[in-house]
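The next block holds one structure in the form of structure tokens; read it before the comments.
What follows is calculated from the coordinates using simple rules that are stated; it is not laboratory data. Since we're looking at a predicted model, the values are computed, not measured. Ideal geometry is used to build each Cβ from the backbone, glycine not excepted, and the neighbour counts take in all protein chains shown.
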Protein chains: 4
Amino acid sequence: MAAQSASPAIVAGAGAGLGRTLVSSFNDNGYIAIGLNRTVPNGAKETILAVDLANAHLTARKLLDLNGTHGAPKLVVHNTAKLVISDFENTSVDDFEAIWRSMVLSAVNLAKGVLPGMVETGGGTFIVSGATASLRGGKNFAAFAAAKAALRALTQSLAREYGPKGIHVAHVILDGIVDTEASRDLHGMDPARMMKPEDIAQVYLDLANQPKSTWTHELDLRPMGEAF
Amino acid sequence: MAAQSASPAIVAGAGAGLGRTLVSSFNDNGYIAIGLNRTVPNGAKETILAVDLANAHLTARKLLDLNGTHGAPKLVVHNTAKLVISDFENTSVDDFEAIWRSMVLSAVNLAKGVLPGMVETGGGTFIVSGATASLRGGKNFAAFAAAKAALRALTQSLAREYGPKGIHVAHVILDGIVDTEASRDLHGMDPARMMKPEDIAQVYLDLANQPKSTWTHELDLRPMGEAF
Amino acid sequence: MAAQSASPAIVAGAGAGLGRTLVSSFNDNGYIAIGLNRTVPNGAKETILAVDLANAHLTARKLLDLNGTHGAPKLVVHNTAKLVISDFENTSVDDFEAIWRSMVLSAVNLAKGVLPGMVETGGGTFIVSGATASLRGGKNFAAFAAAKAALRALTQSLAREYGPKGIHVAHVILDGIVDTEASRDLHGMDPARMMKPEDIAQVYLDLANQPKSTWTHELDLRPMGEAF
Amino acid sequence: MAAQSASPAIVAGAGAGLGRTLVSSFNDNGYIAIGLNRTVPNGAKETILAVDLANAHLTARKLLDLNGTHGAPKLVVHNTAKLVISDFENTSVDDFEAIWRSMVLSAVNLAKGVLPGMVETGGGTFIVSGATASLRGGKNFAAFAAAKAALRALTQSLAREYGPKGIHVAHVILDGIVDTEASRDLHGMDPARMMKPEDIAQVYLDLANQPKSTWTHELDLRPMGEAF
């Protein structure tokens with residue numbers, strides 16, 4: 001697709017793993033995609049910009065800049081996650097706050113920065129990455145599950161408010177391990193049983209292509225054979 | 001795609017509306033699709049076969065025949081529905097039984113007829129059409145919701161048993177009115193606010209194409225702006 | 001409480017275990033409770049009557065008789081269950097039908113026989129016993145989960161239709177093993193980790209006593225320490 | 001019940017309405033109940049203490065004091081809520097943060113202050129008040145629903161971690177309007193269709209009395225006839 005006709009896309013939380021693949025996959029499929037991340041990984045400075053998404057002012061300013069340069073985005077993904085696995089007793093109050101800022105407040109800041117422009121320019125797709133913990137507060141997941149559940153509720157509210165204005169808001173429950181370098185190190189799992197980031201990216205692209213007659217608000221993804 | 005390489009597909013519940021569109025859409029997209037229905041609509045006798053899906057013996061025999069002619073299917077959809085909207089007091093015991101036979105027993109018969117062959121030949125996709133009532137027993141929907149909820153539970157059990165054997169089992173919640181002649185008559189609704197059967201068919205095709213790394217078990221579909 | 005002021009109660013599915021305890025516990029707590037069961041256990045013929053609850057005519061006649069003798073019930077419990085644990089391939093079509101008749105059709109027949117009289121005489125409580133499978137179609141539970149999910153949807157529809165008419169309809173999810181002779185034999189489990197039938201009965205009595213300001217539609221019960 | 005045998009109870013969020021009734025009702029039913037609230041209402045200074053529950057240090061110190069005076073509590077209720085009804089665009093980032101602090105962080109602080117002592121002294125009951133928004137992110141409820149959903153997930157994690165240690169953790173979904181002065185002013189609703197605080201208090205007392213054989217983790221409450 002010619003560059004001048006490509007639609008702007010934004011991926012919040014693009015430092016490694018899934019987020020970075022979303023950026024490159026979107027760029028390969030008709031979008032001009034920019035990743036936003038607290039830090040910029042080596043070799044990614046053209047497509048990933050540094051911003052603290054938990055900071056309302058900095059995020060607003062960065063999104064305003066992007067809007068000026070590229071126009072309102074047609075596809076936006078919230079993909080930040082800060083996983084802490086720990087029993088409640090050893091999860092500090094600061095952990096709870098840091099996780100909430102990283103995962104929920106960042107989504108609020110992102111939505112505030114992109115949705116008005118998207119409404120004005122005729123719509124688009126806003127996707128939030130969820131997890132098993134979006135539906136279940138498991139043992140040793142209190143802070144992470146509280147944030148993922150909050151994010152799911154926020155996404156539902158956004159869908160109900162912005163759907164009638166032409167914004168397709170979707171929540172994708174990633175119920176399995178995403179195949180990244182970090183997760184290979186952490187889980188020591190057979191990569192054949194992990195979800196490939198490029199396959200997830202395809203689902204996000206499909207969501208962005210759904211016609212207005214049939215929008216999906218929520219779907220789950222897991223590898224074949226994953227217990228659930 | 002050349003006929004000899006096309007994969008067999010079966011749509012149970014194909015008399016009108018969505019089911020019939022699924023058959024033609026699958027035929028247009030690389031499948032040899034056959035519909036099964038209690039009665040065969042005019043002009044459809046080449047692609048839709050008559051069978052009472054609630055009858056275990058007749059269904060088993062028909063599926064055995066199809067298996068002999070075309071080989072095990074790669075894509076199977078359960079799409080029968082018998083909608084009764086009535087308060088509990090005026091829903092007869094016979095209504096409850098007829099709806100259960102039409103919607104749940106037919107799925108059991110279908111699954112029993114296709115899954116073993118699909119497992120043997122290396123997998124495939126089995127999709128069940130759900131509805132708003134799959135998740136909610138509403139007022140005046142006792143019999144329909146009981147059947148749709150049963151179907152959802154059955155589909156979950158099948159996913160957990162057959163997923164590890166290579167069968168992708170999915171449940172699609174159609175949370176809105178499908179645009180068919182019958183529903184236009186029944187609801188007197190703006191067609192722009194209905195779901196197009198061909199758009200739903202595309203979602204089913206996408207599910208059948210999902211790689212083993214990322215299978216969706218459940219997703220919802222509704223038209224833009226539909227309240228939920 | 002003197003017999004003449006006691007309220008009639010009916011427990012459908014009272015052959016053994018929980019059902020029989022519900023009858024005796026209700027009788028000890030201000031009700032004249034009658035159990036209904038396909039067969040009458042030894043020594044229980046005064047409080048348990050034989051009736052095939054899956055048979056609409058026989059159930060209707062028996063409930064009409066009871067209504068004539070005792071008046072409309074104030075507390076009704078549906079507690080029939082037919083547990084089959086088997087993979088889908090080895091669960092026959094007849095199993096699916098028998099389980100549906102025993103668990104779902106029996107509830108329809110029961111509700112049809114008691115609700116009109118309860119509405120006419122000013123209300124009462126209708127409780128359905130659920131299980132883990134009410135919310136989840138697990139591996140090897142296809143037929144049982146389909147029936148329990150159907151029952152939950154039916155109960156929701158009844159709550160929405162009969163609540164405004166003064167009938168408190170509730171669904172209790174028994175998420176654990178009930179301590180009965182049969183389950184001790186089947187599970188070989190430490191009885192201290194099972195739910196006591198008399199403790200469950202107390203919850204049902206509490207539900208029947210809830211004031212109209214605060215009705216519970218659904219609650220779960222599990223023993224301390226049970227994983228969920 | 002004589003004062004010396006009464007068990008300590010704590011109600012976090014006790015300024016008005018339900019919280020204040022919980023304190024008095026617990027005091028009338030065998031507990032020595034203390035309310036905690038940011039401000040102390042007139043005439044309540046004996047049973048309600050001022051503390052900013054969103055402040056980790058102040059809350060920890062206050063709970064340590066209470067523990068020293070009364071011993072570890074046997075019944076603890078989290079009941080703080082900060083309701084904002086507003087579309088997303090007009091809900092500020094500060095609103096999101098204030099609501100999260102008031103509703104979620106306060107629960108973390110409370111749990112951290114009471115659970116270790118409760119485990120040490122042999123158990124007790126920890127109840128969290130939920131709402132319709134605990135299950136659903138509705139239009140104009142983004143911040144409130146995000147907090148209530150987070151609280152539900154947190155409560156589930158606590159139940160799974162502390163249940164085996166003898167703490168009964170429960171989540172009560174208040175699906176209706178509580179009859180308080182504030183809600184009468186706000187909703188102009190027939191009080192007969194509201195939930196009475198004293199009836200809710202009775203449910204909380206019943207939860208605290210459940211034997212270890214049958215613990216409820218979640219239940220809903222709504223007035224007769226309330227649509228759901």
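Observations, loosely collected:
- Folded to 0 to 90 degrees: helix D:197-209 orientation relative to chain D principal axis, Cα: 40
- Counts of other chain beta carbons within 10 angstrom of each beta carbon in peptide A:200-206 average 3.
- Helix D:56-70 vs. chain D, principal-axis angle (Cα, 0 to 90°, nearest 10): 40
- Net charge dipole, chain A: roughly 520 debye, given to the nearest 20, about the Cα centre with Cβ charges of +1 for Lys and Arg and -1 for Asp and Glu.
- Helix content alone sets the calculated 222 nm mean residue ellipticity of the protein assembly as shown: runs of n ≥ 4 DSSP H residues at -39500 (n - 2.57) each, divided across all residues, give -12500 deg cm²/dmol.
- The coefficient of translational diffusion for the protein assembly as shown, derived via Stokes-Einstein from the alpha carbon Kirkwood radius under 20 °C and 1.002 mPa s, stands at 74 µm²/s.
- Radius 11 Å from Cβ of A:VAL119, net charge of other residues (Lys, Arg +1; Asp, Glu -1): -2
- Karplus 3J(HN,Hα) series, Hz, for the stretch C:32-45 with 6.51 cos²θ - 1.76 cosθ + 1.60 (x for Gly, Pro): 9, 9, 10, x, 10, 7, 4, 10, 9, x, 3, x, 10, 6
- The H on the amide N of A:VAL76, modeled in the peptide plane, is under 5 Å from the matching H of A:ILE10, A:THR125, A:PHE126, A:ILE127, each at least 5 residues off or on a different chain.
- For the stretch B:30-179, the number of Lys pairs separated by eight or more positions or lying on different chains, with C-alpha atoms closer than 25 Å, is 18.
- With one equal scatterer per alpha carbon and no solvent term, the Debye-computed log10 I(q)/I(0) for the stretch C:1-140 at 0.17 1/Å reads -0.92.
- Projecting 7 Å from Cα along the Cα-to-Cβ direction, the label point of C:ASP65 sits 4.9, 6.9, 8.4 nm from its equivalents in the other copies, listed shortest first.
- Here's how it looks for C:ALA131: its modeled amide H is under 5 Å from those of C:LEU174, which are all 5 or more places away or on a different chain.
- Karplus-derived 3J(HN,Hα), 6.51/-1.76/1.60, for each residue of the stretch B:169-186, Hz, glycine and proline x: 9, 10, 10, 10, 8, 8, 9, x, 8, 7, 6, 10, 4, 4, 6, 4, 5, 5
- Shown for A:ALA192: label points 7 Å from Cα along the beta-carbon vector, and their distances to the equivalent points in the other copies, 4.5, 5.2, 6.8 nm in ascending order.
- Placing a label point 7 Å from Cα along the Cα-to-Cβ direction at B:ALA227 gives distances to the equivalent points in the other copies of 0.7, 4.3, 4.3 nm, listed shortest first.
- Antiparallel beta bridges, as assigned by DSSP with both residues in the protein assembly as shown, represent about 5 percent of the total such bridges.
- Annotation for the stretch B:150-177 versus the stretch B:73-97: alpha-carbon center distance of 18 Å.
- FRET efficiency for the pair D:GLU181 and D:GLU46, taken as 1/(1 + (r/R0)^6) with r the Cβ-Cβ distance and R0 = 25 Å, rounds to 0.75.
- Taken one residue at a time, the phi angles of the stretch D:128-144 give Karplus couplings (6.51, -1.76, 1.60, θ = phi - 60°) of 10, 7, x, 8, 3, 5, 5, 10, 8, x, x, 4, 6, 10, 3, 6, 5 Hz. Gly and Pro are set to x.
- Dipole-positive endmost among B:LEU207, B:LEU18, B:ASN42 within the stretch B:7-221 (Cβ charges, Cα centre): B:LEU207
- Chain A: relative contact order as a whole-number percent, Cα under 8 Å and 6+ apart: 19
- Debye, to nearest 20: dipole size of the protein assembly as shown, +1 on Lys, Arg Cβ, -1 on Asp, Glu Cβ: 0
- Averaged over the residues of B:134-143, the number of partner chain Cβ atoms lying within 10 Å of the residue Cβ comes to 6.
- Between C:ALA81, C:ALA56, C:GLY68, the Cα set farthest toward the positive side of the dipole of the stretch C:38-112 (charges on each charged residue's Cβ, about the Cα centre) is that of C:GLY68.
- Cα long-axis angle, helix C:106-120 against chain C (0 to 90 degrees, to the nearest 10): 20
- Burial ordering of C:SER7, B:SER213, fewest other beta-carbon atoms within 10 Å first: C:SER7, B:SER213
- Ranking B:PRO197, B:ALA153, B:GLY113 by Cα position along the charge dipole of chain B, where only Lys, Arg, Asp and Glu carry charges on their C-beta atoms, puts B:GLY113 farthest toward the positive end.
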